[in-house]
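S.K.: Below you will find the structure I want to go over with you.
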Amino acid sequence: MRVFLGVTGASGAPYAKGLLDALVAAGAEVGLCASAAGVEVLATELYGDAALPRDEVLRRLVGAAGDQVTVYETADYTAPYASGSARVDAYVICPCSMSTVGTLAAGAMANLIHRAASVALKERRRLVLVPRETPLSSIHLRGLATLNEAGAVILFAAPGFYHGAETVQDLVDFVVARCLDQLGIDNALVRRWGERA
Ligand SMILES: Cc1cc2nc3c(=O)[nH]c(=O)nc-3n(C[C@H](O)[C@H](O)[C@H](O)COP(=O)(O)O)c2cc1C
């Protein structure tokens, strides 16, 4: 399975890390692109140093999974994910900032993440957006509705507590598991409702 993972500058870096690790564990080939703000949030939330250089942040994020993960620059339109002619099974933006929501809803494309998401919509392929913002303005809500109408799945970074969550990692796993479900990737990160412990 080939998946594009865009990381933008909304809070929720642990979701991006959890999703990347789960995709790699599932044997997926992952194309990874992080915006400048996305890198800043990764550096802040995962590594406790907002000033960590981009290359170092992405090296740490990918870890030992280098053979399955290809990292792209934000302006690299030679990437396969920039074209509908490339075979790609699914696209995820996690976390997804409201800036990226607004750009996508306007049909604009200022970087490879926007371009890949736009390709997903025009080709009618699976696109999962994981926004994190609160509260939402009517501009945010209209943008999200527009993208949903165009075919995107809006999967808010809104973990549930009904599965017996005890740790922050349990809450991260909840969101990651819902993403994997949308991609059709089998997972047992979270006990499903109605299943016995
Ligand atoms: C530490 C940090 C946390 C942020 N959290 C959010 C957030 O939760 N949601 C959001 O929409 N924007 C958030 N922002 C603002 C975006 O990063 C900013 O709008 C940026 O321009 C988004 O650009 P991008 O979509 O290209 O990544 C945050 C920024 C920083 C530095």
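S.K.: Scan region 15-34 residue by residue and report those that are within 11 Å of the chain's Cα centre (by Cα) and either open to solvent by 10 Å² or more (accessible area, probe 1.4 Å) or among the aromatic types (Phe, Trp, Tyr) (or both).
M.R.: Within region 15-34, Tyr15, Lys17, Gly18 meet the criteria.
S.K.: Another question, if that's okay. Name the one entry in Ser85, Ser97 that is out of contact with any Lys or Arg (no Cβ under 6 Å at 6 or more places or on another chain) and touching a residue at least 24 places away in the same chain (Cβ under 8 Å).
M.R.: Numbers: Ser85 fails: touching a residue at least 24 places away in the same chain (Cβ under 8 Å).
Only one candidate qualifies: Ser97.
S.K.: Something else now. Given the conditions (1) open to solvent by 50 Å² or more (accessible area, probe 1.4 Å); (2) away from the ligand (no atom under 11 Å from the Cβ), and given that Tyr72 satisfies all but one, which numbered condition is not satisfied?
M.R.: Of everything listed in (1) open to solvent by 50 Å² or more (accessible area, probe 1.4 Å); (2) away from the ligand (no atom under 11 Å from the Cβ), Tyr72 misses just condition (1).
S.K.: Which residues, counting only those in region 90-100, are of a type outside the set (S, T, N, Q) and under 20 Å from Pro14 (Cα atoms)?
M.R.: We begin by selecting, within region 90-100, every residue of a type outside the set (S, T, N, Q); these are 90-96, 98.
Hits for region 90-100 are Tyr91, Val92, Ile93, Cys94, Pro95, Cys96, Met98.
S.K.: For the structure I just gave you, tell me whether Gly9 is in contact with a Lys or Arg (Cβ under 9 Å, 6 or more places away or on another chain), under 25 Å from Pro80 (Cβ atoms) and open to solvent by less than 50 Å² (accessible area, probe 1.4 Å). Don't jump to the end; show me each part of the working.
M.R.: Working: in contact with a Lys or Arg (Cβ under 9 Å, 6 or more places away or on another chain): no; under 25 Å from Pro80 (Cβ atoms): yes; open to solvent by less than 50 Å² (accessible area, probe 1.4 Å): yes.
No.
S.K.: Can you spot a residue in region 35-48 that is without any contact (Cβ under 8 Å) to a residue 12 or more places away in the chain and either surrounded by fewer than 22 Cβ atoms within 10 Å (Cβ to Cβ) or within 13 Å of the ligand (Cβ to nearest atom) (or both)?
M.R.: yes
S.K.: Is there a residue being at negative phi, at pLDDT 95 or above and part of a helix (DSSP H, G or I) anywhere in region 149-163?
M.R.: Scanning region 149-163, I find at least one residue that is at negative phi, at pLDDT 95 or above and part of a helix (DSSP H, G or I), so the answer is yes.
S.K.: Can you report the number of residues in region 145-197 which are charged (D, E, K, R) and surrounded by 19 or more Cβ atoms within 10 Å (Cβ to Cβ)?
M.R.: Counting residues in region 145-197 that are charged (D, E, K, R) and surrounded by 19 or more Cβ atoms within 10 Å (Cβ to Cβ) gives 2.
S.K.: Is there any pair with a first residue in region 69-82 that is of a type in the set (Phe, Trp, Tyr) and a second that is at pLDDT below 95 whose Cβ atoms are under 6 Å apart and which are 6 or more apart or on different chains, and what are they?
M.R.: From region 69-82, no pairs qualify.
S.K.: May I ask you to list the residues in region 95-120 that are away from the ligand (no atom under 12 Å from the Cβ) and open to solvent by less than 10 Å² (accessible area, probe 1.4 Å)? Quick ask: steps written out before the conclusion?
M.R.: Step one: filter region 95-120 for residues away from the ligand (no atom under 12 Å from the Cβ), giving 105-107, 115-116, 118-120.
Once the filter is applied, which keeps residues that are away from the ligand (no atom under 12 Å from the Cβ) and open to solvent by less than 10 Å² (accessible area, probe 1.4 Å), region 95-120 yields Ala116, Val119, Ala120.
The values are calculated or read from the model by the stated rules, or taken from the named source; none is laboratory data. Here the structure is a predicted model, which means the values were calculated and not measured. For neighbour counting, all protein chains shown are included, and Cβ atoms are generated from backbone atoms with ideal geometry for every residue, glycine included. Surface areas here come from the heavy atoms of the whole protein model, side chains and all, with no ligands, DNA or RNA. Shrake-Rupley method; radii C 1.70, N 1.55, O 1.52, S 1.80 Å.
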